[in-house]
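These notes are about the structure you will find just below.
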Amino acid sequence: MARPKPWEVDDELWAVIEPLLPKVERRTRHPGRKRRPDRLVFQGILFVLHTGISWEHLPQELGFGSGMTCWRRLAEWTEAGVWSRLHEVLLAKLRSANALDFSRAAVDGPHPRVKGGSKTGRSPVDRGRTGSKHHLITDATGIPLAATLTGGNRNDVTQLIPLLQAVPPVRGKRGRPRRRPDAVLADRGYDHDKYRRLVWDLGVKPLIARRGTEHGSGLGTQRWVVERAFAHLHWFRRLRIRWEIRDDIHEAFLTLGCALICWRRLTPRRQTAPVPHGP
């Protein structure tokens, strides 16, 4: 069997996404051209996310509609909050499958290159180039819990509390949703006693490497999962370079990328589920 392309949406994934999309009723009077099916348009959005191709160069022969159609639907669904809800649903499924580990979290914030738009700034660690930053927090196994976007001139430590607060309430088990990890791991860029106190105030234990100390804090053996998660995120070519002028569109791609990583974590569990045998 031919391996499915990454932008092809199977029935199981579509069954999760479709209920989250806003319903648009077609006008009975002067209905105009029939709306392109949501599933095809979503595949067009995934094609752009995976390949990094410009919207205007989206191949028409794929049947996803024009690049402008896909962009408008992306903006429409972003305004409706579809991507954050999709991420929450998949996190709940992971927690229900005992695949989330809240015993600790890890944070980091590398720089993608940027071509313009808001939430940009001159990076002090990248020879003053204008850029943006992706800030990411993962669970102990590297599953993305939340991601944010800032200008490249923002210090990583200033985003530590916003990242912890951005983690959604994760359901999936009986009782109250889980939102805070027991501890958060960070490198020397987050070393500041003020923020340690703020982390404690959230009920989270800060495990942050100290500046000026020798390497070998031991945190690297647990923090590498967030670096791996960034590698998975930047496998989506549209996230390697920020082409979007509108920051909300780039954040939509960022959240969608996190959701797709969660879905991939669920996929092996479905494939390896025991299959009953006949007599």
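Before moving on, here are some points about what is shown:
- Taking other residues whose beta carbon is less than 10 angstrom from the beta carbon of A209, and scoring Lys, Arg as +1 and Asp, Glu as -1, yields +2.
- Diffusion coefficient (Stokes-Einstein, Kirkwood radius over C-alpha pairs, 37 °C, 0.692 mPa s) for the range 133-212: 246 µm²/s, rounded to a whole number.
Just so you know, all these numbers are worked out from the coordinates, no wet-lab data involved. Keep in mind it's a predicted model, so treat the numbers as computed, not measured. Note: ideal-geometry Cβ built from the backbone for every residue, glycine included; neighbour counts use all protein chains shown.
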